[in-house]
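Everything on this sheet refers to the single structure shown next.
The values are calculated or read from the model by the stated rules, or taken from the named source; none is laboratory data. Being a predicted model, the structure only gives us computed values, none of them experimental. When we count neighbours, we look across all protein chains shown, and the Cβ atoms used for this are built from the backbone with ideal geometry, even at glycine. Only protein heavy atoms, including side chains, enter the accessible area calculation; ligands, DNA and RNA are left aside. Shrake-Rupley method; radii C 1.70, N 1.55, O 1.52, S 1.80 Å.
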Amino acid sequence: MNKTFLILMRSVTAALCLFAMAQSALAQDAAKAPRKDLALKGDAVCTRCHGVDEEYPVLAIGQTKHGTVADKRTPTCISCHGASETHINRPAGVSERPKPTISFNKKGGTQPEEQNQTCLTCHQGGKRTHWQTSLHATRDTTCVACHQVHAAHDKVRDKRDQAQVCYTCHKEQRAQSQRPSRHPIPEGKMTCSDCHNPHGSAGPKNLVRDNVNDTCYTCHMEKRGPFVRTHQPVQEDCSICHNPHGTTTPNLLKTRSPFLCQQCHEPTSHRGNFGSLTGNSTSANAAARGCLNCHTQIHGTNNPANISNERTFRR
Ligand code: HEC
Ligand code: HEC
Ligand code: HEC
Ligand code: HEC
Ligand code: HEC
Ligand code: HEC
Ligand code: HEC
Ligand code: HEC
Ligand code: HEC
Ligand code: HEC
């Protein structure tokens, strides 16, 4: 049959046919040769279907630290997504392709704890020493709620963009950040993670230090003292008077003087017979800086002399 076929061939058609055969042999060779990885070592098992044509930036992961292929510790697709065998080879008779072993999809992905464990296999310890007990972990916040691992630019790790990521869940802090007195966060000079470790910490409220004051002292060292005359609430907790996220009163104060002070100091019991100091709105303590007109050194004073001026934070 083959013989008959060949005999029937005219010379031109024969040449065309030979050319076609050579082409198909080439194609077979290519199919046998291993596919090239596109972004991560060993990613060809996935990138034969995923990558270049997708809107989602699958391959941009190659531009992140996870794409440092020379480093043995760096992941490949299946380090994060799992072996995903039924996803790669859809079993016969199954109409919908099964999901990869680990799906980080916000709608119906793998359980949050299992997602996080996948990342923690490589990122346990360090800044995440207190992750397990942090409210973020116990309230099922995933690593991926904050981090974009496929994107070349991970917003949450950029000082300028970080707060926007946090605000998606923390509306109250967003509102406070728009008040007139605030830390220079919108300017990108500092950010949430200067005070908080979002992965958890030994201190309260995920603070980077063991308590509020030590956290504030990392930048406001002069408020640490030591002072000879200390003001008890200042030693106790800066956030008694200040709201670090933003206030309508200047100096991040929760309320203005004299009301701030009168939460603790009786309005009517001021010593020295200052008739005008009893909270009357035209009095010295209600005008301008209120009590601070006279008590200017509210965080503490340093003069060892045991005289009223020092004792009462007036210089
Ligand atoms: C034979 C083609 C094919 C291969 C090979 C393949 N995928 Fe997929 N993958 C798809 C298709 C098609 C979808 C879209 C399915 C859908 O929308 O339901 C998808 C969707 C996904 C999704 C999004 C769905 C979700 O819930 O998270 C992820 C993640 C994913 N694939 C990862 C991988 C990884 C990792 C590999 C390699 C281990 C891989 N895929 C290999 C075809 C493939
Ligand atoms: C470091 C861990 C990690 C590695 C490595 C990784 N991925 Fe992902 N991948 C994720 C996470 C996390 C998401 C979910 C991202 C999100 O919600 O924005 C995701 C999402 C996806 C999606 C789904 C996008 C969608 O439509 O929801 C696809 C497809 C995907 N990855 C494929 C791959 C492929 C292919 C590789 C290898 C080249 C790979 N991933 C490597 C962690 C990883
Ligand atoms: C197989 C190990 C492995 C897995 C799994 C893994 N990572 Fe990584 N990751 C690394 C390595 C290695 C680096 C580079 C570390 C370095 O340079 O110190 C890194 C770096 C990072 C960085 C810092 C990037 C930078 O530019 O500094 C972030 C953020 C990160 N990983 C988040 C994640 C998240 C979220 C997951 C889970 C979705 C995850 N990783 C899963 C190994 C892994
Ligand atoms: C609430 C938001 C948030 C969550 C949830 C979160 N991160 Fe982060 N992560 C950050 C921020 C902000 C930074 C940059 C500031 C810093 O380093 O503390 C960061 C930095 C990192 C880094 C780079 C710096 C380093 O520690 O080496 C890695 C790696 C990382 N995160 C991994 C993870 C993993 C793994 C998880 C889940 C177990 C996770 N993150 C959950 C916000 C988050
Ligand atoms: C996906 C939502 C989500 C994102 C994004 C998020 N958080 Fe949270 N955060 C929570 C939840 C849930 C809690 C638990 C308390 C609550 O319900 O408000 C919490 C609590 C906190 C707490 C209080 C912890 C405590 O022990 O009381 C701090 C501080 C915090 N987050 C900081 C951050 C910072 C900083 C970022 C950005 C880097 C961030 N969060 C991003 C969901 C989120
Ligand atoms: C200057 C330090 C500082 C900065 C910057 C800062 N915080 Fe805080 N944050 C604190 C302190 C101190 C507390 C605990 C006392 C308090 O609630 O006033 C706190 C508490 C919180 C709480 C818990 C509130 C509650 O009622 O339990 C959340 C949530 C929070 N911060 C989110 C953020 C977010 C999001 C950012 C960035 C936009 C941010 N913080 C920036 C110092 C800071
Ligand atoms: C990462 C450094 C940093 C930390 C930590 C920090 N601050 Fe600040 N703080 C600043 C900077 C920067 C300014 C703005 C100074 C300027 O504009 O001259 C500022 C300004 C202030 C102001 C004056 C605001 C105004 O309206 O002028 C107060 C009050 C203040 N911080 C209180 C605190 C308290 C309370 C804490 C702890 C909860 C704290 N800060 C932690 C950096 C920090
Ligand atoms: C008893 C209330 C109170 C407490 C507690 C307090 N402050 Fe203040 N703070 C004030 C008042 C009032 C002002 C405004 C002073 C003025 O206008 O002269 C102020 C102003 C500031 C300022 C801006 C002006 C300046 O002096 O630099 C900073 C920074 C500051 N406080 C940091 C702190 C830190 C850090 C702590 C905790 C160690 C703290 N404060 C605790 C009442 C308090
Ligand atoms: C959270 C409560 C609290 C707030 C708010 C507060 N103080 Fe005090 N203050 C105290 C305590 C407690 C002492 C120590 C009282 C003592 O030693 O008898 C004190 C001591 C003082 C003293 C020295 C008293 C003495 O007998 O030598 C002065 C002056 C003073 N405060 C002024 C102020 C002013 C002005 C404000 C407002 C800017 C203010 N305080 C806000 C609790 C507070
Ligand atoms: C016109 C200046 C002035 C103003 C305004 C002022 N004080 Fe005083 N304050 C003094 C002087 C002076 C003393 C010391 C009196 C003495 O040693 O006999 C003093 C003492 C105090 C003491 C020490 C205990 C006492 O009663 O002697 C407290 C507490 C105090 N002031 C709180 C306040 C508060 C709160 C306000 C605002 C409502 C305020 N002061 C406004 C000048 C002022």
Exercise for the section: Filter region 189-211 down to residues that are small (Gly, Ala, Ser), assigned to a loop (DSSP other than H, G, I, E, B) and within 12 Å of ligand 6 (Cβ to nearest atom), then give me how many there are. Expected result: 2
Practice task
State all residues of region 172-192 that are open to solvent by less than 50 Å² (accessible area, probe 1.4 Å), away from ligand 8 (no atom under 16 Å from the Cβ) and modelled with pLDDT of 95 or more; if no residue qualifies, say none.
Solution key: 176, 177, 191, 192
Handout entry: All positions within region 237-262 that are more than 9 Å from ligand 6 (Cβ to nearest atom) and in a helix (DSSP H, G or I)
Key = 240, 250, 251, 259, 260, 261, 262
Handout entry: Checking residue 135 against (1) over 27 Å from residue 63 (Cα atoms); (2) surrounded by 14 or more Cβ atoms within 10 Å (Cβ to Cβ); (3) under 15 Å from the mean Cα position of the chain (by Cα), the condition it does not meet
Key = (2)
Practice task
Might you let me know whether region 82-94 holds any residue that is in contact with a Leu (Cβ under 6 Å, 6 or more places away or on another chain), modelled with pLDDT under 95, assigned to a loop (DSSP other than H, G, I, E, B) and more than 16 Å from ligand 8 (Cβ to nearest atom)?
Solution key: no
Completion exercise
Of those in region 212-227 that are part of a loop (DSSP other than H, G, I, E, B) and open to solvent by less than 70 Å² (accessible area, probe 1.4 Å), the residue farthest from ligand 1 (Cβ to nearest atom) is 227
